[in-house]
Amino acid sequence: MSKARQPSSTDGIEADEATSDDVSTDEVFEVLSNQRRRFTLHYLKHRNERVELGELSERVASWENETSLDEVDSAERKRVYTSLQSHHLPKMAERGIVEYDERAGEIELDESAANLDVYLEVVEGKDVPWSQYYLALGAVDAGLVAAAAAGVPPFGALSAVALAAFVVTTLVVSAAVHVYHDSSQRLGERERPPEVRDR
């Protein structure tokens, strides 16, 4: 059974500071620094209702171990349950991210964090971050414009309109793909977190 990939140090994490008056950006970053807390936040945002600790623990354990709920064993579930109960949930409650009823064993997003918009940039394998992609695209488009201006064949034969249309098209198509990609990288948007969604 394979283990879930831990995000590398190159993964970008962004949070909208204006989404809550009570949860600061520093607090959000601290919570997101741990994968188990990210999975917890994702599940709570996706469910958007009060959940039981046992249910949450089982779901987080399945994501951590890249397995189905039916295949999560008692040891895996207990490890997650214990760490959430004794450490992660109290920490998240202290930061104003969740409301944790320890006696009832129930958790829900705090009202101040319910609309928190969190985006994870998960870079897989040979993929490159979008910032690097746009830098490369800009370099290619600039090179094309320079070649056309210098009359280098066959680029010198391109009209200004054709050249502008090419540059604009590459930018618009790239931006559209980026927007679609980002929608799948937001915590709570899909059934699984971005880090394990396609596994």
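The values are calculated or read from the model by the stated rules, or taken from the named source; none is laboratory data. Keep in mind the model is a prediction, meaning the values are calculated, not measured. When we count neighbours, we look across all protein chains shown, and the Cβ atoms used for this are built from the backbone with ideal geometry, even at glycine. To get the accessible areas, we keep the full protein, side chains included, count just its heavy atoms, and leave off ligands, DNA and RNA. Shrake-Rupley method; radii C 1.70, N 1.55, O 1.52, S 1.80 Å.
Annotations
- Where the stretch 52-199 is the region considered: accessible area per residue in Å², 1.4 Å probe: 56
- Under 5 Å from the amide H of VAL118 lie the amide H atoms of LEU187, each residue being 5 or more positions distant or on a separate chain, with H modelled from the backbone and absent for Pro and chain starts.
- When only Cα pairs below 8 angstrom with a gap of at least 6 residues are kept, the stretch 85-199 shows a relative contact order of 21 percent.
- The stretch 91-199: C-alpha pair distances exceeding 21 Å, %: 59
- Highest mean packing comes first when the peptides 35-46, 185-196 are listed by Cβ atoms within 10 Å, giving 35-46, 185-196.
- In terms of packing, defined here as the mean over residues of other Cβ atoms within 10 angstrom, the peptides 81-93, 65-77, 152-164, 99-111 line up highest first as 81-93, 99-111, 65-77, 152-164.
- Backbone phi angles across the stretch 158-165, fed through the Karplus curve with coefficients 6.51, -1.76 and 1.60 (θ = phi - 60°), yield HN-Hα couplings of 6, 6, 4, 5, 5, 5, 5, 4 Hz in residue order; Gly and Pro are listed as x.
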